[in-house]
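One structure is given below, encoded as C-alpha cells.
FYI, it's all coordinate maths here, none of it is from the lab. Everything quoted here is computed from the prediction, not taken from an experiment. Note: ideal-geometry Cβ built from the backbone for every residue, glycine included; neighbour counts use all protein chains shown.
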Amino acid sequence: MSKIPPIKLSPQEAPVISLDGVSLNLTSGAGEVNILRDINLQVPRGQSIGLVGPSGAGKTSLMMIVAGLERASAGEVVIGGFSYQDRSEDDLAKFRRGNVGVVFQDFHLIGTMTALENVALPLEFAGRPDAFERAEAALDAVGLGARIVHYPGQLSGGEQQRVALARAFVGNPALLLADEPTGNLDQETGDRVIELMFTLAKTNSTTMVLITHDPAIAERCDRIIRIVNGRIVDENATDGRRTDPDSISRQERAGDC
C-alpha cells in the first residue's frame, strides 16, 4: 500500500497548485464538449485566489480537478509537489484526506450525524485517535462549541456552513477549495462565514481557491482569475489598485452573452 505524504512546503518551495496545460473534455449525445482548455496556473503557499466567471465557464470543474475528484483529459496536475498522474482513486482520496479541504455550497453534511461526528469523520478515516478532541476544538473555533451534539436539521444554514468549514479545516489542510460557500445564505450570514473563512486561512497559512460571483468577496483574495468558456482570460493581483469591483460583474455578464 503506497504512503501518501502530507504537504509540507515553505514559501520558497514548489507551489501548492501547479497546473500545466490542463484540459477537460466530456462526451455528450451531441459529441465531445470542451469543459476546460489549456489551463496553466501556479499558486504559492498561503495565497488566496478568487475564481470568477459566468455560470458554465468551468470554474467548478477546475476545482474538482484540483481536488482530485475529476480526472483531467490532458495536462499535468501537481498539488504540493504530488503529481496526480497515474494515481489510483484510493491514492487520491488518501492524499485529499490529509491535505485538501473542500467546502461546498450545499454543505454536504451527513444528516444522521451530529455536528461533532460530521467534523470528526475525516479524522476517523485517517485513523486519528484524537479525532473527536480535534473536532470539538474545530467547532469551538467557528463558534459552535455549544452546538456539537446537534444534528444538521437542528442547525441554521449559517451554522451548517460553519460545521462544513470546521470539517474542512480540522485536518489543517495546506489547500482549501470553496465553491460558492455563501450561495445558500443570506447576506449577513454569508458575510460572517466569509470573514471566518479568511481568518482561518490566514491563521493556518492555508492556500485558498474561492469560487464566487460576488465581486466584494473576490476583491478580498490576493488574486482574481477569470474563466470564460473553459479558458483563463484575465488575471489580476488585488493590491489596492483595482478601483472598479463592478467590472467583474460586467465581464461575467458579457461572458454569458
Exercise. Would you mind ranking K59, K94 by Cβ crowding within 10 Å, fewest neighbours first?
Key: K94, K59
Exercise. Apply the Karplus parameterisation 6.51 cos²θ - 1.76 cosθ + 1.60, with θ equal to phi minus 60°, to every residue of the stretch 17-30 and state each ³J(HN,Hα) to the nearest whole Hz, in sequence, with x for glycine and proline.
Key: 10, 9, 10, 10, x, 7, 10, 9, 10, 10, 9, 10, x, 8
Self-check item: Environment charge at G58 (Cβ cut-off 12 Å; Lys +1, Arg +1, Asp -1, Glu -1)
Solution: +2
Quiz item: Which whole number in µm²/s is D for the stretch 65-172 by Stokes-Einstein, with the Kirkwood Rh taken over Cα pairs at 37 °C and 0.692 mPa s?
Solution: 224
Self-check item: the stretch 84-167: relative contact order as a whole-number percent, Cα under 8 Å and 6+ apart
Solution: 36
Self-check item: the stretch 140-190: radius of gyration over Cα atoms, expressed as a fraction of 2.2 N^0.38 Å
Solution: 1.16
Quiz item: What are the residues whose amide H is under 5 Å from the amide H of I35, where those residues sit 5 or more places off or on another chain and H is modelled from the backbone?
Solution: L24, N25, L26
Self-check item: Relative contact order %, the stretch 16-123, counting alpha carbon pairs below 8 Å whose residues are six or more apart
Solution: 27
Quiz item: Which semi-axis lengths, in whole Å and largest first, follow from the square roots of five times the eigenvalues of the Cα gyration tensor of the stretch 1-144?
Solution: 29, 19, 16
Exercise. Counting other beta carbons within 10 Å of each Cβ, put S48, S156, S73 in order, fewest first.
Key: S156, S73, S48
Quiz item: Where does the charge balance sit around T189 when Lys and Arg score +1, Asp and Glu -1, over other residues with C-beta under 12 Å from its C-beta?
Solution: -3
Practice problem: Using DSSP, restrict attention to beta bridges with both residues in the chain and report what percent are antiparallel, rounded to the nearest 5. | Solution: 55
Self-check item: Amide H contacts of T114 (H built 1.01 Å from N, under 5 Å, at least 5 apart or other chain)
Solution: none
Quiz item: Taking +1 at the Cβ of each Lys and Arg and -1 at the Cβ of each Asp and Glu, which of F95, L116, G56 sits farthest along the dipole of the stretch 51-116 towards its positive end, judged by Cα position relative to the Cα centre?
Solution: L116
Quiz item: Quick one: Debye curve from the C-alpha atoms of the chain, no solvent, what's log10 I(q)/I(0) at q = 0.08, 0.11, 0.12, 0.13 Å⁻¹?
Solution: -0.31, -0.60, -0.72, -0.85
Quiz item: Over the chain, what relative contact order in percent results from Cα pairs under 8 Å that are six or more residues apart?
Solution: 26
Exercise. Would you mind ranking D214, D191 by Cβ crowding within 10 Å, fewest neighbours first?
Key: D191, D214
